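A.B. asks: Mind having a look at this structure? Questions to follow.
The values are calculated or read from the model by the stated rules, or taken from the named source; none is laboratory data. Values in this document were obtained by computation on a predicted structure and should not be read as measured data. All Cβ positions, even for glycine, are placed from backbone atoms using ideal geometry, and neighbour counts span all protein chains on display. SASA here: full protein model, heavy atoms, side chains in, ligands and nucleic acids out. Shrake-Rupley method; radii C 1.70, N 1.55, O 1.52, S 1.80 Å.
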Amino acid sequence: MPLTKQNLIKTFNGAREYKAPFVFVGIEAEGIREVITVPAISFDAKEQFYTNAYSDDLVHVMNSKVRVFGLTYGNADAVHDLI
């Protein structure tokens with residue numbers, strides 16, 4: 001099931017609701033995967049960034065080879081859900 005911008009918003013909202021310390025965003029660019037860690041203090045700014053920089057299907061608006069492949073939130077151990 002492809003991810004959507006709605007999933008992104010739900011992830012950030014869930015992290016806020018459960019007072020999670022981090023949101024993890026999995027990004028794939030030309031076959032290379034990385035997981036970006038967003039600390040709670042940056043939730044608002046990074047959510048706005050991803051909302052503006054990615055399409056409804058979470059593909060980068062300026063580079064179609066960059067996409068979000070996964071989203072989760074929690075403590076540092078939650079990153080294992082994406083890798």
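A.B. asks: Restricting attention to segment 32-56, which residues are under 12 Å from the mean Cα position of the chain (by Cα), open to solvent by 70 Å² or more (accessible area, probe 1.4 Å) and over 26 Å from Asp77 (Cβ atoms)?
C.D. replies: Correct list: Gln48 only.
A.B. asks: Still on this structure, I have one more. If you take the residues of segment 1-31 that are charged (D, E, K, R) and either open to solvent by 80 Å² or more (accessible area, probe 1.4 Å) or touching a helix residue (DSSP H, G or I) at 6+ places or on another chain (Cβ under 7 Å) (or both), which of them is nearest to Thr72 (Cα to Cα)? Let's see the steps before the verdict.
C.D. replies: First pass over segment 1-31, keeping only residues charged (D, E, K, R): 5, 10, 16-17, 19, 28, 30.
Still in the list and also either open to solvent by 80 Å² or more (accessible area, probe 1.4 Å) or touching a helix residue (DSSP H, G or I) at 6+ places or on another chain (Cβ under 7 Å) (or both): 5, 10, 16-17, 19, 30.
Details: Lys5: 13, Lys10: 10, Arg16: 12, Glu17: 13, Lys19: 13, Glu30: 22 Å.
Filtering first and then ranking leaves Lys10.
A.B. asks: Condition first: surrounded by fewer than 17 Cβ atoms within 10 Å (Cβ to Cβ), under 17 Å from Leu3 (Cα atoms) and small (Gly, Ala, Ser). Now tell me which residues in segment 57-83 satisfy that.
C.D. replies: Scanning segment 57-83 gives a single hit, Ser64.
A.B. asks: While we're here: Is there a residue being in contact (Cβ under 8 Å) with a residue 60 or more places away in the chain and out of contact with any Cys (no Cβ under 6 Å at 6 or more places or on another chain) anywhere in segment 48-69?
C.D. replies: Quick first cut of segment 48-69, residues in contact (Cβ under 8 Å) with a residue 60 or more places away in the chain only: 68-69.
The next check asks that each one be out of contact with any Cys (no Cβ under 6 Å at 6 or more places or on another chain); those that pass are 68-69.
Checking segment 48-69: at least one residue is in contact (Cβ under 8 Å) with a residue 60 or more places away in the chain and out of contact with any Cys (no Cβ under 6 Å at 6 or more places or on another chain).
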